[in-house]
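Rule-based calculations on the coordinates, nothing more; no lab input. Because the structure is a prediction, the values reported are computed rather than measured. Note that we place each Cβ from the backbone using ideal geometry, even for glycine, and neighbour counts take in every protein chain shown.
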Amino acid sequence: MYCTAEPYDRVFINLGPFPVYWYGFLIMLGALIGLIVAQREAKRLGLHKDFFIDLLVFAIPAAIIGARMYYVIFQWEHYDSFLEMIDIREGGLAIHGALIASLIVTYFYTKKKNVSFWKVADIAAPSILIGQMLGRWGNFMNQEAYGGRVSESAYNNVLQYIPDWIMNQMCVDGVYHHPTFLYESLWSMLGIVLLLFLRYKVNPRRGMIFLGYVIWYSFGRFFIEGMRTDSLYIAPGLRTAQVISILLILGSLLVLYYRHKKGHDDVLYDGTSLKNNQSKKNGSKKKKKKK
């Protein structure tokens with residue numbers, strides 16, 4: 001379906017000769033909101049109030065480097081110099097690379113601080129989705145991470161109800177494209193609601209919230225990735241993000257099973273020990289029998 005809309009300016013604000021792009025601004029905004037949410041929950045669960053601030057000093061640079069390295073590796077032939085490889089003003093950050101790098105940093109950081117990795121990961125999971133939800137709007141401003149061309153029937157039946165200011169930004173080369181950035185942002189928002197419900201209403205075993213996040217995000221990403229036109233490919237016909245999503249889902253399910261089988265998930269999200277609860281129940285039963 002043809003269109004003639006002009007794209008938005010990618011620059012959020014100019015600080016003298018230095019432009020601040022919407023892409024970077026929205027990523028940092030997501031990180032800030034996610035940090036505030038994580039800090040409040042960390043305090044409730046007994047972690048030091050500055051724990052996540054200190055962690056992010058290492059995790060954010062690692063995430064940016066990991067995201068860019070991941071992207072460049074699968075687009076190696078498109079870069080002629082090192083300066084092009086590190087230039088992220090045009091986008092080109094892969095979420096999977098950011099997650100891998102930040103998780104590695106978090107694992108070693110929690111080991112050093114003698115804090116449960118799974119406790120920290122569970123607390124951080126909703127915050128990660130907040131960052132991803134807002135980060136996708138950086139893709140929107142860059143006119144990237146969109147899907148295939150929109151047919152007239154698809155527009156008339158569904159997409160006409162999406163605000164014009166969104167669809168106009170999806171006008172690329174005179175043709176409307178599916179706003180897959182929006183689909184993923186909405187999927188992330190639903191995931192945040194689900195994770196917060198698990199956190200405050202269910203209080204599941206430790207590790208389930210983070211692994212639930214991985215499964216939820218990967219499931220949605222698999223289908224949304226199939227609609228995109230700018231996918232990275234691990235091999236002809238194999239989209240990298242779809243392959244990684246399947247591996248992450250299977251890996252998360254295996255970790256859940258292993259942790260349960262080995263008794264490593266005998267602590268609930270809020271720190272309650274299931275072993276202690278079971279011991280108390282057994283003790284009360286013995287006292288009743290003596291009476």
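For the chain, the 222 nm mean residue ellipticity estimated from helices alone, with every DSSP H stretch of n ≥ 4 adding -39500 (n - 2.57) and the total spread over all residues, rounds to -21000 deg cm²/dmol. Each Lys or Arg adds one and each Asp or Glu takes one away; over the other residues whose Cβ falls under 15 Å from the Cβ of PRO179, this sums to -2.
Which of rounded, prolate, oblate describes the stretch 77-235, given a ≥ b ≥ c as roots of the alpha-carbon gyration tensor eigenvalues and a/c under 1.5 marking rounded, otherwise prolate only if a/b is larger than b/c? Oblate, since a/c reaches 1.5 and b/c is not below a/b. Basic side chains Lys and Arg get +1 at the Cβ, acidic Asp and Glu get -1 at the Cβ, and with that the dipole of the stretch 11-255 about its Cα centre reaches some 1440 debye. Summary of the geometry: the stretch 36-85 and the stretch 94-146, compared by the centres of their Cα atoms, lie 7 Å apart. What the Cα atoms of the chain give is an Rg and a Dmax of 22.1, 85 Å.
Nearest 10 degrees is fine. How inclined is helix 95-113 to the longest principal axis of the chain, computing both from alpha carbons? With rounding to tens, the tilt is 30 degrees. Return the subset of LYS43/LYS119; LYS43/LYS261; LYS49/LYS262; LYS111/LYS201; LYS43/LYS201 for which the Cα-Cα distance in this structure is over 24 Å, preserving the input order. Over 24 Å apart, Cα to Cα: LYS43/LYS261; LYS49/LYS262; LYS111/LYS201.
In percent, rounded to a whole number, the relative contact order of the chain is 20, using alpha-carbon pairs under 8 Å and six or more apart. A full extension of the chain between GLU84 and TYR2 corresponds to an added length of 26.2 nm, given 0.36 nm per residue minus the alpha carbon distance.
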